[in-house]
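> The structure under discussion is supplied below as structure tokens; questions concerning it will follow.
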Amino acid sequence: MSELLVFVISGLVTGAIYALLASGLVLAYSASGVLNFAHGATAFLSALFFYEVNQGLDVPPVPAALLTVFVFAPGLGWLLDRIMFRKLAKLGETPQIVATIGLLVALPALGQWIVVLLRDAGVDLAPPDNQYGLPGVGPNPPVQWEIRHGVGIDSNQLITWIVTAVVAVALWILMRHTPLGLRLRASVDSRTLTELRGVSADRLSGIAWMLSAGLAGAVGVLAAPLLALSSVDYTLILFVSAAAAVLGRFKSVPIAFGGGLLLGVVQNLVAGYAPSWTDRITGFRTAVPFALLFVGLLVLSRSKRSAGTAAVDAPPPDYLAGMSPLRRWAPWLAAGLFLAVSLYTWTTPFWIGLIAQGLAASLVFLSFTVVTGLGGMVSLAQATFVTASALTAGLLMSHGVSFFLALCAGTLAAALLGMVVALPALRLSGRMLALATLALAFLGDQVLFQMRWLRNGDVGWEIPRPVVGPVDLNDDRALALALLIIVALVIVLIRNLENSASGRAMLAVRSAPPAAMASGVSVLRTKLALFAISAGIAGFGGVFWASFNTRITATEFTAMNGLIWLAIVVAAGIRRPQFAVVAGLTFALFPHIMEDYVTDSPYVPVILFGLAGLALAGNPEGWVVQMAEGLHALRGRVTGRGKASAVPPQVPEPRVEAGPVVALAPHADEPQDGAEAAADASDLLLRLRGIRAGYAGVEVLHGVDLEVRSGSILALLGANGAGKSTTCAVAAGLLAPTSGIVELAGERGEFRDITRLSAVRRSRDGVLLAPEGRGIFPSLTIDENLSMWLRSAAERDRVYERFPNLAARRKVVAGSLSGGEQQQLTVAPLLVRPPRVLVADEPSLGLAPLVVEEIFRFVVELRELGVALLLVEEKASEILTVADTVAFMSVGRVSWCGPRSEVDEDRLTAAYLGIAGSAASDAGHSEVAR
């Protein structure tokens, strides 16, 4: 019993660390959608700050801890959110992952470099590198207490428990019983809908990152006595904590917190009570958290339906489009020829060796181009493939197998291991897949590569360089030239793969797996092939890399190396294989260039490598692409040709058959009788004038004019793709127009320009959008949903009096309601506190006819309350029973607008089918005549 208590008590200490880290990880992810791989680095930086303030500046431990947790760490979180995380939240998953990995690399080096600079400047600080046995907040040495015979605790453990308990209670109160917690949970469901309710998602994100960093700061202080002052240790415990975050599905802070405590206890119990046969598996006990992370991802992650959606990671416009292959490849051929000539002319042996190492790294980096650049899947296990291949080759060569046979065997072993790692890809995607591959990479480091027969102890295996006829690759010059040729051949193979039927199938699976399956493409085989090819290339390059070093050990290329490699390749440019070569040469040459010509500090190159990953927040395609596009644009300006090939083609101006476009509101320069204008504008609340807008450079709206009046319903009708939802987004502030003006009437009737105001500001000014589908937060209860618009309990009670069915289920989560009840919940708070303008996009979508009638009754009631309503509908017969004014849209234009009484069959036909009837045509001409 005493032994069990010892395991539980010590497990609760490490579990408390996991719980705090996991809670911070979930907080940041839920508010911004960014999985922060650098969360452990924040904890390390906080530990370093606490250590230097306490030991270097002689500040007592308690004030130093309070300064770290409540000032330094939150300030760091706020700063990172402002300069990076807000931008990352709007990008795809790959830039998010790589940018936070860059931060993981840069933050510890930056902190240590600042300490070194301050020490050099005369500030009395302690050395920042790998300090062990650091003091904590409590007494030093710790006070010991014996609970019972053989079971004791010390002051550091007790402080950790107390802090963890206080944090748990505080987080529970914050998330469940405060308006801030409600808004944070709402932003998890829908960031956009939160802003439409007048709550700034950016501000919530900043608060969440401050809280998250504060929790990391608490970990840094509490873990200081347990861990060395090593960034690697803090990063490892972060990835262990990720298993607890997965248990909470990256949404529930309480579950993640409890999961962290449980994880610490389970880890200790497994270490203490594991069967004796596990002793023969070296590293089994330390690998338990990573196994739990992998299993948790597979069991708890649910695939999201993607059918019917467009690709969200479409490649950017190719600035080289239209060029001949010779012109596209001429600069790279010239660069390769220059490099080959330099090897045998002016380059010194030292730099020749670095070039050879960079080209060997380039072979490995090309594997990222296949799996991430072509396949769109982030693999963090590439270092595992490199190590597995090199160890296999070394093992075979130790038994007399030739280099080339060992190379083939190692490549095959890596490809087979890649197929095993690919199995999670069949169920997971994005950041969850990245975590799964990382968990497998750590399992490889902790278990697979600890097997004595494979690793050959700490000395590893020799991999001598081969001799091919008269060519002796022991000469770095010959090895570099051979690697240059091999790299060129691999690039050609990858480009051929991209242009082949298999490559097109891979692109199809990347963009839309359901559509690819419908076209006869096997998603299973395609993903397995992607991982196998990528792993094979990584293994192939790994053998050459090990051959350059002439030896391979199990610790030469760890999972952490793979994280840095990915950051470097993506920062250079992941979509084109030639950019991987630039990344490989940069990886090998840049640190020595910095050391010889800039600074001898070991921290600066690491910081710059990390900042290259952070730069993705500004340009997701990488710095090589940015430089190339800049040069291409400069050449275009010099020659007067511009860069038209990089600009998406504009949508052709359509010919509208249903009559001419009608300008509803006179422009400022058009004369109009003053009395008549005042009468016409007396009830006008919102107007759109000359609106042009679109997405990704493609224009959708081509000069839309609309007016929405108080106490009136304007129905916007048209076929799919006419631009109705885009018009709603512009009116609500979700989409900024490229030209045109959006104006809102003030309390005295004067108009002000709100074109550049955000959705949050417009919501606060009374312009509210009910988005397509259901305007609810599914994981919040009915009462919490109402609280997002109705702040007072009295207002919510009025809703319950009007809707008894909602009152009876006020504690039920809104996602469990029927479609009609959900739409009722959307409209109900608006009846109590009506907005000035309501823009409703497809309010009847997916509802039964009886429910549709009820929704339109609510719409009429809002009109009677004086609300100006802009309703988008495809069900013309229903909306025409309540509308006052009708506007038809056709391919981005208002083709007709007028009173409901003037709508006839011809106009409906013209709006939905693009066929002009005689009546519509005549009406259009008469409208022009007036």
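> I need the full set of residues from region 82-99 which are part of a helix (DSSP H, G or I) and touching a Ser or Thr at 6+ places or on another chain (Cβ under 6 Å), in order please. Outline the logic, then answer.
Narrowing region 82-99 to residues part of a helix (DSSP H, G or I): 82-88, 93-99.
Hit for region 82-99 is Phe85, nothing else.
> Does region 537-547 contain at least one residue that is surrounded by fewer than 24 Cβ atoms within 10 Å (Cβ to Cβ) and assigned by TED's automatic domain parsing to the domain that holds Leu417? Steps first, answer last, please.
Just the residues of region 537-547 that are surrounded by fewer than 24 Cβ atoms within 10 Å (Cβ to Cβ), to begin with: none.
No, that holds for no residue.
> Follow-up question, since we're still on this one. Output the residues belonging to region 751-784 that are crowded, with 21+ Cβ neighbours inside 10 Å and in contact with a Gly (Cβ under 9 Å, 6 or more places away or on another chain).
Hits for region 751-784 are Ala759, Arg762, Ser763, Val767, Leu768, Leu769, Arg774, Ile776, Phe777.
> Shifting gears a bit: Could you check Gly820 against (1) within 32 Å of the chain's Cα centre (by Cα); (2) surrounded by 15 or more Cβ atoms within 10 Å (Cβ to Cβ) and say which number it fails?
Against the list (1) within 32 Å of the chain's Cα centre (by Cα); (2) surrounded by 15 or more Cβ atoms within 10 Å (Cβ to Cβ), Gly820 comes up short only on (1).
> While we're looking at this one, here's another question. Kindly evaluate Leu423 against the criterion of being of a type in the set (A, V, I, L, M, F, W, C), in contact with a helix residue (DSSP H, G or I) (Cβ under 8 Å, 6 or more places away or on another chain) and surrounded by fewer than 17 Cβ atoms within 10 Å (Cβ to Cβ).
On the way: of a type in the set (A, V, I, L, M, F, W, C): yes; in contact with a helix residue (DSSP H, G or I) (Cβ under 8 Å, 6 or more places away or on another chain): no; surrounded by fewer than 17 Cβ atoms within 10 Å (Cβ to Cβ): yes.
So Leu423 does not fit the description; no.
> Determine which member of the set Val13, Val34, Val53, Val71 is β-branched (Val, Ile, Thr), surrounded by 20 or more Cβ atoms within 10 Å (Cβ to Cβ) and free of Cβ contacts under 8 Å to residues at least 60 places away in the same chain.
Details: Val13 fails: free of Cβ contacts under 8 Å to residues at least 60 places away in the same chain; Val34 fails: free of Cβ contacts under 8 Å to residues at least 60 places away in the same chain; Val71 fails: surrounded by 20 or more Cβ atoms within 10 Å (Cβ to Cβ).
So the residue among Val13, Val34, Val53, Val71 that is β-branched (Val, Ile, Thr), surrounded by 20 or more Cβ atoms within 10 Å (Cβ to Cβ) and free of Cβ contacts under 8 Å to residues at least 60 places away in the same chain is Val53.
> If you don't mind, another one. Looking only at region 428-445, which residues are among the polar types (S, T, N, Q) and modelled with pLDDT of 85 or more?
Restricting attention to region 428-445, the residues satisfying the condition of being among the polar types (S, T, N, Q) are 429, 437.
Matches in region 428-445: Thr437 only.
> Separate question: Tell me the residue from Val26, Val53, Val34 that is part of a helix (DSSP H, G or I), modelled with pLDDT under 90 and of a type outside the set (Ser, Thr, Tyr), please.
Val26
> Run down Leu790, Leu757 and say which single residue is over 18 Å from Leu862 (Cβ atoms) and in a loop (DSSP other than H, G, I, E, B). Let's see the steps before the verdict.
Working: Leu790 fails: over 18 Å from Leu862 (Cβ atoms).
Only one candidate passes the filter, namely Leu757.
> Which residue, of Arg249, Arg203, Arg191, Arg185, is among the charged types (D, E, K, R), within 26 Å of the chain's Cα centre (by Cα) and modelled with pLDDT of 85 or more?
Values: Arg249 fails: modelled with pLDDT of 85 or more; Arg191 fails: modelled with pLDDT of 85 or more; Arg185 fails: modelled with pLDDT of 85 or more.
Sole residue among the options that is among the charged types (D, E, K, R), within 26 Å of the chain's Cα centre (by Cα) and modelled with pLDDT of 85 or more: Arg203.
> Related question: From the list Glu747, Glu784, Glu795, which one is outside any loop (DSSP other than H, G, I, E, B) and without any contact (Cβ under 8 Å) to a residue 60 or more places away in the chain? Write out each step before concluding.
Details: Glu747 fails: outside any loop (DSSP other than H, G, I, E, B); Glu784 fails: without any contact (Cβ under 8 Å) to a residue 60 or more places away in the chain.
Testing whether each residue is outside any loop (DSSP other than H, G, I, E, B) and without any contact (Cβ under 8 Å) to a residue 60 or more places away in the chain leaves just Glu795.
> OK, next. Might you let me know whether region 13-24 holds any residue that is within 24 Å of Leu293 (Cα to Cα) and of a type in the set (S, T, N, Q)?
Quick first cut of region 13-24, residues within 24 Å of Leu293 (Cα to Cα) only: 13-24.
With the extra rule that they be of a type in the set (S, T, N, Q), the set shrinks to 14, 23.
Yes.
> Moving on to the next point. If a residue has to be hydroxyl-bearing (Ser, Thr, Tyr), part of a helix (DSSP H, G or I) and free of Cβ contacts under 8 Å to residues at least 60 places away in the same chain to count, how many in region 502-525 make the cut?
Initial filter on region 502-525 (hydroxyl-bearing (Ser, Thr, Tyr)): 502, 511, 519, 522.
Okay, now just the ones that are also part of a helix (DSSP H, G or I), so 502, 511.
Filter once more, so that each one left must be free of Cβ contacts under 8 Å to residues at least 60 places away in the same chain: 502.
Number satisfying all stated conditions: 1.
> For the condition out of contact with any Gly (no Cβ under 7 Å at 6 or more places or on another chain) and buried (at least 16 other Cβ atoms within 10 Å of the Cβ), what is the one hit in Ile147, Ile97?
Numbers: Ile147 fails: buried (at least 16 other Cβ atoms within 10 Å of the Cβ).
Step by step, each of Ile147, Ile97 is checked, and only Ile97 is out of contact with any Gly (no Cβ under 7 Å at 6 or more places or on another chain) and buried (at least 16 other Cβ atoms within 10 Å of the Cβ).
> Also: Would region 457-476 turn up any residue that is assigned to a helix (DSSP H, G or I) and out of contact with any Pro (no Cβ under 8 Å at 6 or more places or on another chain)?
Within region 457-476, not a single residue is assigned to a helix (DSSP H, G or I) and out of contact with any Pro (no Cβ under 8 Å at 6 or more places or on another chain).
> Quick check on region 182-225: of everything there that is hydroxyl-bearing (Ser, Thr, Tyr) and in a helix (DSSP H, G or I), which residue is surrounded by the fewest Cβ atoms within 10 Å (Cβ to Cβ)?
Pass one, region 182-225, residues hydroxyl-bearing (Ser, Thr, Tyr): 187, 190, 192, 194, 200, 205, 212.
Those left that are additionally in a helix (DSSP H, G or I): 187, 192, 194, 205, 212.
Details: Ser187: 24, Thr192: 15, Thr194: 24, Ser205: 24, Ser212: 30.
The selected residue is Thr192.
> Criterion first (touching a Gly at 6+ places or on another chain (Cβ under 9 Å), buried (at least 17 other Cβ atoms within 10 Å of the Cβ) and closer than 30 Å to Met627 by Cα) does Ala567 satisfy it? Give the steps one after another, and end with the answer.
Numbers: touching a Gly at 6+ places or on another chain (Cβ under 9 Å): yes; buried (at least 17 other Cβ atoms within 10 Å of the Cβ): yes; closer than 30 Å to Met627 by Cα: yes.
Answer is yes for this residue.
> So, Val421, is that one within 22 Å of Val490 (Cα to Cα), aliphatic (A, V, I, L, M) and assigned to a helix (DSSP H, G or I) or not? Break it down into steps so the answer makes sense when it comes.
Details: within 22 Å of Val490 (Cα to Cα): no; aliphatic (A, V, I, L, M): yes; assigned to a helix (DSSP H, G or I): yes.
No.
> Here is a follow-up. Of the residues in region 435-475, how many are aliphatic (A, V, I, L, M), in contact with a strand residue (DSSP E or B) (Cβ under 8 Å, 6 or more places away or on another chain) and without any contact (Cβ under 8 Å) to a residue 60 or more places away in the chain?
The number of residues fulfilling the criteria is 0.
> Among the residues that make up region 429-447, is at least one of them surrounded by fewer than 22 Cβ atoms within 10 Å (Cβ to Cβ), assigned to a helix (DSSP H, G or I) and polar (S, T, N, Q)?
yes
> Being in a helix (DSSP H, G or I), modelled with pLDDT under 85 and closer than 28 Å to Ser230 by Cβ is true for just one of Gly102, Gly152, Gly136. Which residue is that? Let's see the steps before the verdict.
Details: Gly152 fails: in a helix (DSSP H, G or I); Gly136 fails: in a helix (DSSP H, G or I).
Result: Gly102 is the single residue among Gly102, Gly152, Gly136 that is in a helix (DSSP H, G or I), modelled with pLDDT under 85 and closer than 28 Å to Ser230 by Cβ.
> Does Glu801 satisfy the condition of being of a type in the set (Asp, Glu), at pLDDT 85 or above and farther than 27 Å from Gly733 by Cα?
Details: of a type in the set (Asp, Glu): yes; at pLDDT 85 or above: yes; farther than 27 Å from Gly733 by Cα: yes.
Answer is yes for this residue.
The values are calculated or read from the model by the stated rules, or taken from the named source; none is laboratory data. Everything quoted here is computed from the prediction, not taken from an experiment. Virtual Cβ from ideal backbone geometry, glycine too; neighbours counted across all protein chains shown.
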